[in-house]
Amino acid sequence: METFLTYLQVFAVGGTICLIGQIIINTTKVTSARILVGYLLLGVILETAGVYKYVRDFGKAGATVPIIGFGSNLARGAIDGALENGMLGAVTGGMEAVAAGIAAVIFFAFIVGLVATPKSK
Amino acid sequence: MNEPNEAYLKLIKEKMPKSKHLLTMFRAFWTGGTICCIGQAFTDLYTYLFSEMGENDVAALTTITLIAITAVLTGFGIYDKIGAYAGAGSIVPITGFANSVVSPAVEHKREGVVFGLCANMFSVAGPVIVFGISSSVIVGFIVIIFRGAFGG
């Protein structure tokens, strides 16, 4: 029962974040790249303001899987890095926090790009 | 006898955009929610399998898994079909970010591996990385200046 409730929260939070994105697309003609950048910056701002951890506690993967969670991850890394290692940590902290994601994206895109055949237009 | 009623067709045309708007919102909501639930399922699985792992490592592993799945689905052209149905539901999750890297990589392959595949990989996702990393460095400097506010 508790698991079901958790997944309901994940579904609701993740779904709502995507729903807002869809409303923005429907009403303003903003491209998907701008949606991604906008959500990312929102995540950075909310994490820096200390608000996003409440969303994360409630929504779990629903808050971390959307790109806004990627932004919050970056900010959290930078905050922790700056507190622990000063200037050096401030520069490297964000990148370190998302290193797994970026490395995976590059690696899998490279492999799939080599293997897959492009659609003939 | 079965000629379509003109007034009725006009009425449909008036009503269409709004209902389509609601439909895309509904699709974005449930597909986005489902992708997040899949992410939560992997998080639970990894927490169960690798009990010695910290929360951050499990989250990173989940992200890698979702990216790998998306890369394969994009390679087979399946993710684009999901995207046509889901709209923002497939763009906003991290899988949409992965798709935006893999998709141009595959499409520009015929221009060569270095100048096609690799050079175009970040044609869409590049701004995300630039804004992301830059803003994180700015945040880092803010933390150094206002150390007290962040519990330092």
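Rule-based calculations on the coordinates, nothing more; no lab input. Here the structure is a predicted model, which is why all the values come from computation and not from measurement. All Cβ positions, glycine included, derive from the backbone under ideal geometry; neighbour counts span all protein chains shown.
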- Query: What's the center-to-center distance, using Cα atoms, between segment B:93-152 and segment B:50-81 in Å?
  - Reply: 17 Å
- Item | Rg followed by Dmax, in Å, when the protein assembly as shown is reduced to its Cα trace | 20.3, 81
- Task: Putting +1 on Lys and Arg Cβ atoms and -1 on Asp and Glu Cβ atoms, find which of B:Tyr46, B:Ala119, B:Thr31 reaches farthest to the positive end of the dipole of segment B:6-121.
- Result: B:Thr31
- Item | Neighbourhood charge, 14 Å Cβ-Cβ cut-off, centred on A:Ala90 and excluding it, Lys, Arg +1 and Asp, Glu -1 | -1
- Message: For A:Thr27, project a label point 7 Å along Cα to C-beta. Then give me every residue of segment A:4-20 with its amide nitrogen under 14 Å of that point.
- Response: A:19-20
- Taking R0 as 25 Å and r as the Cβ-Cβ distance between B:Leu9 and B:Phe76, the FRET efficiency 1/(1 + (r/R0)^6), rounded to the nearest 0.05, comes to 0.05
- Evaluate 2.2 N^0.38 Å with N set to the residue count of chain B, then give the Cα radius of gyration divided by it. 1.47
- What 222 nm value per residue comes from the helices of chain B, counting each DSSP H run with n ≥ 4 as -39,500 (n - 2.57) and dividing by all residues, nearest 500 deg cm²/dmol? -25000 deg cm²/dmol
- Message: Can you compute the helix-only [θ] at 222 nm over chain A? Use -39500 (n - 2.57) per DSSP H run of at least 4 residues, normalise by all residues, nearest 500 deg cm²/dmol.
- Response: -29000 deg cm²/dmol
- Note on the structure: On the formula 1/(1 + (r/R0)^6), with r taken between the Cβ atoms of A:Ile45 and B:Ser51 and R0 of 25 Å, the FRET efficiency rounded to 0.05 is 0.15
- Item | Nearest-20 debye value, segment A:22-121 charge dipole, Cβ charges on Lys, Arg, Asp, Glu | 560 debye
- Message: Let me make sure I get this right: for segment A:1-95, a, b and c are the square roots of the gyration tensor eigenvalues over alpha carbons, sorted descending. Under 1.5 in a/c it's rounded, otherwise prolate if a/b > b/c, else oblate. Which is it?
- Response: oblate
- Total formal charge among the other residues, if their Cβ is under 14 angstrom from that of B:Arg27, Lys/Arg +1 and Asp/Glu -1: +2
- Query: Top mean-square fluctuation among A:Arg76, A:Arg34, A:Arg56, Gaussian network model of chain A, C-alpha springs under 10 Å?
  - Reply: A:Arg34
- Message: Going Cα to Cα from A:Lys119, which aspartates and glutamates come in below 13 Å? Please leave out same-chain ones fewer than 8 positions away.
- Response: B:Asp80, B:Glu107
- What list do you get for B:Cys37, A:Cys18 if you sort them by fewest beta carbons within 10 Å? B:Cys37, A:Cys18
- Calculated FRET efficiency, A:Phe4 and A:Ala103, Cβ-Cβ r, R0 30 Å, to nearest 0.05? 0.30
- Query: Which loop chymotrypsin sites (Phe, Trp or Tyr not before Pro) in segment B:64-96, with loop taken from DSSP, have no more than 13 other Cβ atoms within 10 angstrom of their Cβ?
  - Reply: B:Phe76
